[in-house]
There are 2 protein chains.
Amino acid sequence: MVRQNIKIAVDAVVFGYKDRNLNVLLIKRDVAPYRNYWALPGGLVLNEESLEQAVERELREETNVTIDYLEQLYSFGEPGRDPRNRVVSVAYFALVKPEHHSIKADTDANDVAWFSVKELPELAFDHLKILRMAKDRLKNKLSYEPIGFDLLANKFLFSDLEKLYTTILEKDIDRRNFRKKILSLDILEELDEKVSEGRGRPANLFKFNQKQYAKLKKDNFLFDIK
Amino acid sequence: MVRQNIKIAVDAVVFGYKDRNLNVLLIKRDVAPYRNYWALPGGLVLNEESLEQAVERELREETNVTIDYLEQLYSFGEPGRDPRNRVVSVAYFALVKPEHHSIKADTDANDVAWFSVKELPELAFDHLKILRMAKDRLKNKLSYEPIGFDLLANKFLFSDLEKLYTTILEKDIDRRNFRKKILSLDILEELDEKVSEGRGRPANLFKFNQKQYAKLKKDNFLFDIK
């Protein structure tokens, strides 16, 4: 039997919500192939670490970011997706709050930056394909799990939440219905703090109630925000 | 840098609907480790084939089955999940119609059989964990995509469809509502053929209308059967 000659890597699509836009964390490659191209952070899995540990290590090394939310996305294994030799990449999907992290390039990366998903540079390998799948997953999940809260600051205006949904879902939402639905779930805590937005009157800040959400989830309720 | 010493395999959870029960296709291992244990069909990926081709080849070799529906489930990569050396397995989820296939063990398998998911033997490796995840995925998908039709014969009674849903979802459904919802989607064709079931009067056979479903899907409708 022929020896298997396939390597295994992880790549991470790290989303952040920044300047009221969905952003993705990219590194500039310092090594061939695709030297100086922007790419998803990632790299080969070490013999003794789990796939999740590999993602966390690569992110730490290449970008200085630690993750708030991580889940496996999909494995990409077409022969030929890496010009050097065959690499199967297990792609992950992560959410972070950009304001909690100062990014810094190192190891295989000579730069790191947040890019709006609407203004992407040309990406190395099949990373655009991976990114697109992650965007679809995020859109999908947003409507049946409250992962939007992992993208917002800890305290936010209701209008921030609304804006996040319209931005990521890329469509307008029925604002009155959206407000009614979200508030009826009882997963938001209205704080005794107000801030002024533009010329409008001061609005209340909200906080996500993780505990109440966990309780609802245990009872198999349907989030279902569209 | 230390040489990466990890192998990459595929495993398939093949579901069939048989004797009005959800069944899964298992092989009996003819090789160590876990010799003579039942396991999911699968094996190492060859250097030149895609992951999907590897699944199809392994199924053909070990079970003689070809697949009607295939999608990637999840990659399992914990160090230690295989006692020999480290193997990352990309698991797939497949649906077949058992009556269209005569199963036959070969290569690494010395037996192959359909098992009701309610009466499983002890499984090799972490295959029970993989199977459980596949079952959850099937349950989930059933409510938002009409994949149930990939499990039924081409012609079926409405009661067969109902029974399939209650069996896989493991709960009773509101029969009147279910019928109303499914018929309103216009994805069933009522045939001019009747069969008798037990002591009831003869009932009409139905056929799934793939074309109408594709049209609905293009318009982003929500299947949403619960």
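The values are calculated or read from the model by the stated rules, or taken from the named source; none is laboratory data. In this text, all values refer to a predicted model and were calculated from it rather than measured experimentally. Cβ sites come from the backbone with ideal geometry, for glycine too, and all protein chains shown count toward neighbours. Calculation scope for accessible area: heavy atoms of the full protein, side chains included, ligands and nucleic acids excluded. Shrake-Rupley method; radii C 1.70, N 1.55, O 1.52, S 1.80 Å.
Below are the figures for this structure:
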| read-out | value |
| --- | --- |
| Accessible area of A:E71 in the full protein assembly, 1.4 Å probe (Å², nearest 10) | 30 Å² |
| 7 Å along Cα→Cβ, label-point gaps from B:N204 to other copies, nm, shortest first | 5.4 |
| Angle between chain B longest axis and helix B:175-184 axis [Cα atoms, degrees, rounded to 10] | 90 degrees |
| Average other protein chain Cβ within 10 Å of Cβ, residues A:81-87 | 1 |
| Semi-axis lengths (Å, descending) of the ellipsoid that matches the C-alpha gyration tensor of region B:19-164 | 26, 17, 15 |
| Residue of chain A nearest the A-to-B rotation axis [by Cβ], rounded angstrom distance | A:S75, 2 |
| Antiparallel DSSP beta bridges within the protein assembly as shown, as percent of all bridges there, nearest 5 | 75 percent |
| Rounded to 10°, Cα long-axis angle of helix A:127-144 versus longest principal axis of chain A | 30 degrees |
| Karplus 3J(HN,Hα) series, Hz, for region B:38-44 with 6.51 cos²θ - 1.76 cosθ + 1.60 (x for Gly, Pro) | 7, 8, 6, x, x, x, 5 |
| Accessible solvent surface per residue of the protein assembly as shown, calculated while the other protein chains remain in place, 1.4 angstrom probe, Å² | 51 Å² |
| Rounded tilt (10° steps) of B:158-169 against the dominant C-alpha axis of chain B | 40 degrees |
| Pseudo-label separations to other copies for B:L128 - Cα-to-Cβ vector, 7 Å, nm | 4.7 |
| Rg and Dmax [Cα atoms of the protein assembly as shown; Å; Rg one decimal, Dmax integer] | 24.7, 76 |
| In Å², nearest 10: area of B:R84 left accessible to a 1.4 Å probe | 140 Å² |
| Shortest-first distances to equivalent copies, position B:A113, nm, label 7 Å out along Cβ | 6.2 |
| DSSP beta bridge pairing in region A:6-133, given as percent antiparallel to the nearest 5 | 70 percent |
| Other-chain or far-sequence residues with amide H under 5 Å of B:N64's (modelled H) | B:K104 |
| Accessible area buried, both sides summed, chains B and A with 1.4 Å probe, Å² | 2300 Å² |
